[in-house]
Amino acid sequence: ASLGSDMVFPAADAERAVEALHAREAAEVGNPGWMRQHLALQRLNLQAHESVQSNSDNFVLDALVTFDKLGVIVHELLVIEAWREHVLSDPAVLKRVATHFSIRGYHTVFQEAAICNLLEVVLYHDYAAQACGDMLLELVDYCCRRVRWLARAAIRAGQGGAQETALRRPGGRKSAATAEDADELDQDENARRENAGGDSGLGSDDDEAAQCLEDFKRQLSDIEWRCSVAAVSILRFLCEHVTQLPLGVMTRLLDTHDVPCLVIPLIENPPWTRRTERGTWEKLKDHKWAQVPPQDLLLLTPLEAQPWLVLFNLLCEGEVRSRYPFHSFRKDSILRIRKYLNPTLVDQLPVLSDLQRTLDELVIMDAPPATKDSRFVMEQVAEVRDKLLASTDWSALKKAALEDIFAGKEARDDPLVLELAGLYGDDHVEALLSGTPAEADPAQEVIAPPAAPARRGYPASAKLFLHTGAIIDLAPVSQQGTVQETSKGAFTRYQLRLASDSQVASLDIDLDLPDLAGSILKLEFTDSLGEGTVVFSKPIKASQATGSEFWLKLGALRDGALAQVQCTLAAEEGRVTLGSVFLSCQGAATRVVTSGSLP
């Protein structure tokens with residue numbers, strides 16, 4: 001979708017919708033006013049994703065921050081979670097919603113997934129996390145509840161054996177590796193229904209109601225799964241920004257929930273990887289299961305990287321690590337993942353070399369036994385959810401759901417129902433979800449062989465220009481790079497080393513530090529086809545603590561070239577030390593190795 005009239009939600013309408021957002025009570029869930037706000041939230045979520053995908057101005061994020069509505073978004077997340085747990089869990093309410101209000105009921109529960117999806121986009125930016133204010137503690141608690149649910153599910157799946165869990169999707173129904181498998185599963189399920197139903201003329205209404213209830217439960221499980229997966233990404237962003245957030249957030253992450261130990265089961269029993277009955281492996285990518293060849297099982301997906309990045313941000317950041325004392329239980333728990341830190345993983349996420357060193361130090365550390373801390377500690381309390389649960393008459397809400405909000409039967413000509421049902425039928429929304437241009441008319445498209453991926457020569461030589469005036473000559477370690485599929489197409493990543501004719505003896509160079517962003521000015525490289533490219537340094541975010549390590553980026557994916565230089569900052573000495581250098585160039589070269597794993 002392009003800018004202007006082709007937007008999912010035009011900027012002026014989006015600003016008005018954001019300004020109109022307000023916190024609602026649990027008693028309002030499902031009523032017409034609440035549904036209209038839910039519809040606005042879904043559109044805001046879709047537009048935020050469209051802005052990110054098209055690399056355009058994210059005016060939804062700007063409006064949420066400007067009108068101070070991110071706290072309202074988190075509040076609405078807590079309300080729908082509590083409503084799902086305390087109202088929809090009632091069998092009578094669940095049956096009524098599933099059998100008589102399939103569209104409104106589904107969209108009511110989908111509010112939780114839509115908000116999680118929106119927060120995934122906006123919390124990538126640290127200023128958005130700061131704008132959440134006091135609701136950050138509530139958001140941390142929510143994410144940890146969902147991560148615990150996901151970890152328990154992963155552990156149960158790991159204990160259930162291959163036959164029990166190989167073909168299970170979040171809703172509990174068996175999944176299929178191919179279209180042929182799906183047809184077979186559908187045929188089996190239809191046969192089971194016919195066998196259970198007996199005479200088709202008897203009990204048909206009951207059978208239909210039972211099937212509606214089963215389908216709705218499957219949808220609920222799928223939404224809960226999606227929210228849990230999104231919560232892992234949200235938690236990773238909060239851990240990444242933790243040094244810029246209120247101190248209570250760090251205390252909540254480290255002391256209350258012990259997040260480093262919490263994410264360990266997600267690495268030991270990854271819920272986004274499964275083996276089918278046919279013996280093939282699948283991984284979850286973009287909320288869809290995709291088959292993975294056995295030789296590519298060690299290649300990291302974005303979801304698999306999240307727990308590792310959580311650990312990196314909490315265990316390798318100096319200020320955070322100093323507030324996380326190790327005792328025997330923590331030491332033993334965290335060292336369980338040491339065996340998974342192999343060279344293939346570190347090559348895909350180079351920042352994990354710091355985590356590997358931290359774990360090596362932890363091995364030789366003499367950790368004291370775990371004891372109850374007797375110190376008097378004052379901390380901020382997350383009271384919104386507690387107050388919501390204590391002050392709400394859930395029995396009255398169940399009664400109101402049956403007698404008022406979900407009374408009677410859903411009218412198919414209800415304008416709100418039609419609007420909800422048609423939300424994802426818009427051409428631009430469909431284009432956003434499918435990744436195809438909205439203006440393309442399938443009847444006018446010409447069927448042609450697929451175009452070959454763009455290719456360019458390997459970087460034959462490169463020069464790194466420093467603020468001191470020095471120039472470092474670099475050369476590729478190998479002419480065969482690693483191809484990575486990104487949102488901007490295929491990129492080939494090369495590791496660079498000092499050229500044989502370089503005037504410096506080592507890449508570990510100490511630089512006087514006038515300012516962080518200006519330590520490296522630019523990188524020029526010429527490929528083997530004689531084409532030259534220049535990439536300039538970008539503003540960086542790095543802790544000022546001594547010994548802090550970060551990656552300095554030059555260029556961007558949208559520019560067709562991205563260089564990444566590992567740096568170690570010694571702020572007190574005013575020096576920065578350079579380490580590994582990687583260069584990613586647009587175009588495919590050898591074989592696809594990973595997806596979206598650029599650090």
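Here are the numbers:
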{"quantity": "Residues satisfying the stated conditions in segment 124-133, i.e. over 16 Å from V18 (Cβ atoms) and hydrophobic (A, V, I, L, M, F, W, C)", "calculated": "A129"}
{"quantity": "The lone exception for A14 - which of (1) open to solvent by 20 Å² or more (accessible area, probe 1.4 Å); (2) at negative phi it fails", "calculated": "(1)"}
{"quantity": "Selection status of T492, at pLDDT 70 or above, assigned to a strand (DSSP E or B) and within 28 Å of the chain's Cα centre (by Cα)", "calculated": "yes"}
{"quantity": "Condition broken by K331, with the remaining ones in (1) of a type outside the set (A, V, I, L, M, F, W, C); (2) touching a residue at least 40 places away in the same chain (Cβ under 8 Å); (3) within 29 Å of A367 (Cβ to Cβ); (4) not in a loop (DSSP other than H, G, I, E, B) satisfied", "calculated": "(2)"}
{"quantity": "Residue, nearest to K217 (Cα to Cα), within segment 74-102, restricted to residues that are open to solvent by less than 10 Å² (accessible area, probe 1.4 Å) and in contact with a Cys (Cβ under 8 Å, 6 or more places away or on another chain)", "calculated": "A98"}
{"quantity": "Selection within segment 26-38 - touching a residue at least 60 places away in the same chain (Cβ under 8 Å) and surrounded by fewer than 18 Cβ atoms within 10 Å (Cβ to Cβ)", "calculated": "N31, P32, R36"}
{"quantity": "Test for E85: is it under 17 Å from the mean Cα position of the chain (by Cα) and either in a loop (DSSP other than H, G, I, E, B) or farther than 12 Å from F406 by Cβ (or both)", "calculated": "no"}
{"quantity": "Output for segment 109-144, where each listed residue is hydroxyl-bearing (S, T, Y), farther than 16 Å from V52 by Cα and surrounded by fewer than 21 Cβ atoms within 10 Å (Cβ to Cβ)", "calculated": "Y127"}
{"quantity": "Test: residue in segment 299-311 that is farther than 22 Å from L235 by Cβ and open to solvent by 30 Å² or more (accessible area, probe 1.4 Å)", "calculated": "no"}
{"quantity": "Flag for T280 being buried (at least 17 other Cβ atoms within 10 Å of the Cβ), touching a residue at least 24 places away in the same chain (Cβ under 8 Å) and polar (S, T, N, Q)", "calculated": "no"}
{"quantity": "Among the candidates R275, R226, R252, residue that is among the charged types (D, E, K, R), open to solvent by 50 Å² or more (accessible area, probe 1.4 Å) and over 30 Å from H107 (Cβ atoms)", "calculated": "R275"}
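The values are calculated or read from the model by the stated rules, or taken from the named source; none is laboratory data. Every value quoted in this text rests on a predicted model; they were computed, and no experiment measured them. As a convention, Cβ positions derive from the backbone with ideal geometry for all residues, glycine included, and neighbour counts pool all protein chains shown. When the accessible area is computed, the model is the full protein with side chains, heavy atoms only, and any ligands, DNA or RNA have been set aside. Shrake-Rupley method; radii C 1.70, N 1.55, O 1.52, S 1.80 Å.
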